[in-house]
1. At what distance in angstrom do the alpha carbon centres of region 135-151 and region 199-270 lie from each other?
2. Counting Lys and Arg as +1 and Asp and Glu as -1, each charge on the Cβ, what is the dipole of region 90-142 about the Cα centre in debye, to the nearest 20?
3. Tell me what the chain gives for mean residue ellipticity at 222 nm when only DSSP H runs of n ≥ 4 count, each as -39,500 (n - 2.57), the sum divided by the residue total, rounded to 500 deg cm²/dmol.
4. For a quick check: with amide H placed at 1.01 Å from N, whose amide H comes under 5 Å from A145's, ignoring anything fewer than 5 positions away on the same chain?
5. Among Q156, G229, F249, whose Cα projects farthest towards the positive end of the dipole of the chain, with charges put on the beta-carbon of Lys, Arg (+1) and Asp, Glu (-1)?
6. From Cα pairs below 8 angstrom and at least 6 apart in sequence, can you work out the relative contact order of the chain, rounded to a whole percent?
7. Can you run the Rg to Rh ratio on region 165-270? Use alpha carbon positions and the Kirkwood inverse-distance Rh.
8. Where the eigenvalues come from the Cα gyration tensor of region 1-152, what are the semi-axes √(5λ) of the equivalent ellipsoid, largest first, in whole Å?
Amino acid sequence: MCRFYIKCKNNLWYGFFNHFNSNLVTQAISTRFHGVSKAEFSSLNLALHNGDNSKDVWQNREAFCLGLGIDAKKIVTAQQVHGTNVLCVDESYLGRGAFDYEEAIENTDGLITNVPDLPLMMFFADCVPILIFDPIKKAIGICHAGWKGTVHGIAQKTVQAMGSSFNSRPEDCLIGIGPSIGPCCFEVDEPVYTQFKQAFPSLTYKQTSKEKWKINLWEANRLQLKNIGVLDKNIICSNVCTKCNSDVFFSYRADEGKTGRIAAIIQLKS
Ligand SMILES: [Zn+2]
């Protein structure tokens with residue numbers, strides 16, 4: 001199904017991008033397998049904001065992080081709002097939102113850091129996870145690009161924030177676009193289509209009926225990154241649709257809104 005997915009130590013599965021140097025960075029995207037959450041959150045729900053039992057979520061987070069050699073107590077998370085705020089985090093943010101959603105960083109959809117052993121984690125159910133690694137300046141970023149974030153350039157803004165904070169050059173940045181709703185399934189009506197058409201006039205749009213269009217979020221994110229100088233060869237897309245594979249991933253659309261969240265996580269090694 002997905003060539004990126006491997007089984008790790010504690011019987012969990014995770015995906016990773018093999019163009020990121022594993023000596024320098026730890027990164028993973030989770031599945032929904034082998035957690036302890038019940039019912040619609042079954043079973044490896046990693047998010048606290050969707051109504052799941054927080055003890056189960058913590059157990060899932062610990063198991064997932066343990067398999068990666070990451071300390072779950074250190075994870076830095078955000079209250080994602082489909083916006084374009086990007087925050088540069090340092091040691092003072094360690095553990096923000098690890099146990100308690102109220103403590104997650106407010107109103108933020110992109111996180112960046114150059115501090116080793118500081119895990120950045122975000123949550124997804126169809127929205128696009130984007131991981132960024134600058135091997136030259138030794139800096140990382142992560143962002144949550146749903147359709148609104150994609151239209152408003154969250155991926156671009158996260159790479160640009162790495163430029164402002166760490167002097168990262170777009171041409172040095174490696175990008176991983178994770179499992180999310182694919183061009184096969186992401187169908188929108190005219191108001192959303194119009195926003196995309198304005199933001200990405202050169203993208204290919206497939207009209208499926210009088211008032212419906214299918215949009216490729218992966219290509220919209222690739223395009224906006226290439227527009228600021230990220231190299232096409234450095235952008236790897238997992239090409240895995242979460243709605244088509246809702247047995248493996250939580251999918252907001254497949255599960256009609258009541259579902260868990262997979263996580264993407266990235267941490268610089270010390
Ligand atoms: Zn699909």
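All of the numbers you see were taken from the coordinates with simple rules; none came from a lab. This is a predicted model, so every value here is computed, not measured. Every residue, glycine among them, receives a Cβ derived from its backbone with ideal geometry; neighbour counts consider all protein chains shown.
1. Region 135-151 and region 199-270 have Cα centres separated by 12 Å.
2. 320 debye
3. On the way: 5 runs with 53 residues, N = 270.
Only helices count here, giving -6000 deg cm²/dmol.
4. V128, I130
5. In the chain, that residue is G229.
6. Once normalised by length, the contact order is 23 percent.
7. Numbers: Rg = 15.9 Å, Rh = 15.6 Å.
Expressed as Rg/Rh, it is 1.02.
8. That gives 21, 19, 16 Å for the three semi-axes.
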